[in-house]
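Quick one: structure below, then a few questions.
What follows is calculated from the coordinates using simple rules that are stated; it is not laboratory data. This is a predicted model, so every value here is computed, not measured. Here Cβ is always computed from backbone atoms with ideal geometry, including for glycine, and neighbour counts include all displayed protein chains.
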Amino acid sequence: MKKGITWLAACMFILILTACGSAKDSEASEPEITASEQLVIKASNYEFEQPEYRLKKDVPVKIIYENVNGNHGLLVPEFKLRLDTQKNSKVIIPDKVGEFEMSCAIVCGPGHSSMISKIIVEE
Ligand SMILES: [Cu+2]
């Protein structure tokens with residue numbers, strides 16, 4: 001019986017440690033950056049406003065997501081960028097040149113899989 005309690009206490013301790021650890025991690029990976037540039041990306045049923053969006057390499061830019069209708073989001077895995085109506089802006093620094101696919105972050109309906117746009121990062 002006593003052993004059981006010790007075991008439970010140990011588990012709780014580990015759980016608390018992991019929770020704190022991961023909170024710290026997410027803070028470290030999202031430093032506060034200020035950006036002078038900003039880009040507004042709008043989404044509606046079932047498309048992004050533009051087929052492509054252009055960014056400059058190494059220039060911090062604040063991406064702002066605007067939901068026009070329906071319920072969508074945007075997702076660009078290469079830049080760890082995921083925005084929706086809950087979290088609608090983030091500053092990123094595009095550190096690589098190329099074309100990156102942007103898709104809808106929320107399974108929003110019949111047109112979900114065709115909600116694709118492109119982020120083009122130029123030198
Ligand atoms: Cu969508």
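If you take the Cα Rg of the stretch 37-122 and divide it by 2.2 N^0.38 Å, with N the number of residues, what do you get?
With N residues counted in the stretch 37-122, Rg over 2.2 N^0.38 Å equals 0.99.
If you keep only loop residues by DSSP, which trypsin sites (Lys or Arg not before Pro) in the stretch 65-123 have at most 12 other Cβ atoms within 10 Å of their Cβ?
Of the trypsin sites (Lys or Arg not before Pro), the ones in loops of the stretch 65-123 whose Cβ has at most 12 other Cβ atoms within 10 Å are 80, 87, 96.
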